[in-house]
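Comments concern the structure below.
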Amino acid sequence: MDVLSLIGIILAFVAIIGGNFLEGGNLSALLNGPAALIVVGGTLAASLLQAPMSAFMRAIQIVGWIFFPPRIDLPGGIDRVVNWSLTARKEGLLGLESIADAEVDKYARKGLQLLVDGAEPEAIRSILEVDFITQETRDIQAAKVFESMGGYAPTIGIIGAVMGLIHVMGNLADPSQLGSGIAVAFVATIYGVASANLILLPVANKLKAVAIRQSRYREMLLEGILSIAEGENPRSIELKLQGFME
């Protein structure tokens with residue numbers, strides 16, 4: 001579990017609610033159904049209009065990475081590649097067939113299978129580069145769904161504020177109606193700005209960072225597999241791949 005994400009979410013709510021309490025406010029002052037409907041509904045509608053269905057569905061699939069990112073073990077991956085190179089040196093590329101069949105990582109399995117099939121290094125690079133670039137692009141586009149929400153939310157909050165003020169101006173003769181209109185006006189602004197800067201934009205950046213780390217790992221596998229195809233020494237392969245370490 002990503003502890004920093006959990007701490008960040010908790011601190012965000014503590015800062016807003018705690019600050020409101022220290023200023024003499026109460027929690028009920030921050031709870032406003034119409035304001036939430038305007039901001040959440042408007043932001044979601046705008047993002048649906050912008051994003052293609054594939055990106056939106058992918059965004060839903062990977063949002064869990066905020067707390068449970070996929071495990072990326074670069075040192076372990078380097079060790080695996082070195083072991084593959086040792087096997088290939090001792091038994092030939094066909095000796096990797098059983099390893100490929102047992103490999104869980106689809107990307108690594110495809111690379112190993114290309115080695116076993118005797119593909120040329122340039123062909124291996126071309127095939128595997130398409131795979132990891134496509135996957136990275138797909139995940140970055142999904143992250144941008146949250147980034148776009150973060151861009152729209154403050155503006156939708158302002159729209160909610162204006163709507164609340166319109167309600168206030170239309171009921172100046174009835175003081176009992178002024179309170180709800182003013183509440184919608186100010187709380188909608190808080191919802192829009194806070195959700196964008198404390199949740200949506202940080203979520204987008206965290207998802208991008210995870211996608212980039214995954215691409216680095218796949219690029220490391222690609223370089224290792226190419227080095228095996230070119231018959232490089234296992235020790236040289238290990239030294240080369242250590243350059244991918246953070």
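Contact annotation: residue pairs with Cβ atoms under 7 Å, 6 or more positions apart or on different chains, pairing a residue in segment 184-199 that is assigned by TED's automatic domain parsing to the domain that holds Gly157 with a partner that is surrounded by 19 or more Cβ atoms within 10 Å (Cβ to Cβ) and outside any helix (DSSP H, G or I), are Val184/Asn32; Val187/Asn32. Among Glu238, Glu246, Glu219, Glu223, which is loosely packed, with under 14 Cβ neighbours inside 10 Å and either modelled with pLDDT of 90 or more or not in a helix (DSSP H, G or I) (or both)? Testing whether each residue is loosely packed, with under 14 Cβ neighbours inside 10 Å and either modelled with pLDDT of 90 or more or not in a helix (DSSP H, G or I) (or both) leaves just Glu246. Among what's in segment 3-28 and is touching a residue at least 40 places away in the same chain (Cβ under 8 Å) and in contact with a helix residue (DSSP H, G or I) (Cβ under 7 Å, 6 or more places away or on another chain), pick the residue that is nearest to Ile182 (Cα to Cα). Checking each candidate, the answer is Ile16.
Taken as a whole, the structure places Gly41 among residues that are of a type in the set (Gly, Ala, Ser) and at pLDDT 90 or above.
Checking Leu93, Leu74 one by one, the residue that is within 24 Å of Thr137 (Cα to Cα) and surrounded by 15 or more Cβ atoms within 10 Å (Cβ to Cβ) is Leu74 and no other. Do we find a residue being touching a Pro at 6+ places or on another chain (Cβ under 6 Å) and either modelled with pLDDT of 70 or more or farther than 27 Å from Pro69 by Cα (or both) anywhere in segment 161-181? No. Selection of segment 151-166 for residues being buried (at least 18 other Cβ atoms within 10 Å of the Cβ) and farther than 11 Å from Thr43 by Cα yields Gly160, Ala161, Gly164. Only one of the listed residues (Ala35, Ala55) is modelled with pLDDT under 90, of a type in the set (Gly, Ala, Ser), outside any loop (DSSP other than H, G, I, E, B) and buried (at least 16 other Cβ atoms within 10 Å of the Cβ). That residue is Ala35. If you check Arg80 against the conditions, is it among the basic types (Lys, Arg), closer than 30 Å to Gly231 by Cα and at pLDDT below 90? Considered against the rule, which asks whether it is among the basic types (Lys, Arg), closer than 30 Å to Gly231 by Cα and at pLDDT below 90, Arg80 comes out as no. Taking segment 185-213 as the search range and keeping residues that are touching a helix residue (DSSP H, G or I) at 6+ places or on another chain (Cβ under 7 Å) and farther than 30 Å from Gly160 by Cβ, which one is surrounded by the fewest Cβ atoms within 10 Å (Cβ to Cβ)? Ranking the candidates gives Val210 first. Restricting the search to segment 58-85, which residues are assigned to a loop (DSSP other than H, G, I, E, B) and over 21 Å from Gly8 (Cβ atoms)? Matches in segment 58-85: Asp73 only. Taken over segment 1-32, the criterion of being over 16 Å from Phe186 (Cβ atoms) and not in a helix (DSSP H, G or I) is satisfied by Met1, Asp2.
The values are calculated or read from the model by the stated rules, or taken from the named source; none is laboratory data. Note that this is a predicted model, so its numbers are computed, not measured. Neighbour counts are summed over all protein chains in view; Cβ atoms, including those assigned to glycine, are modelled from backbone coordinates with ideal geometry.
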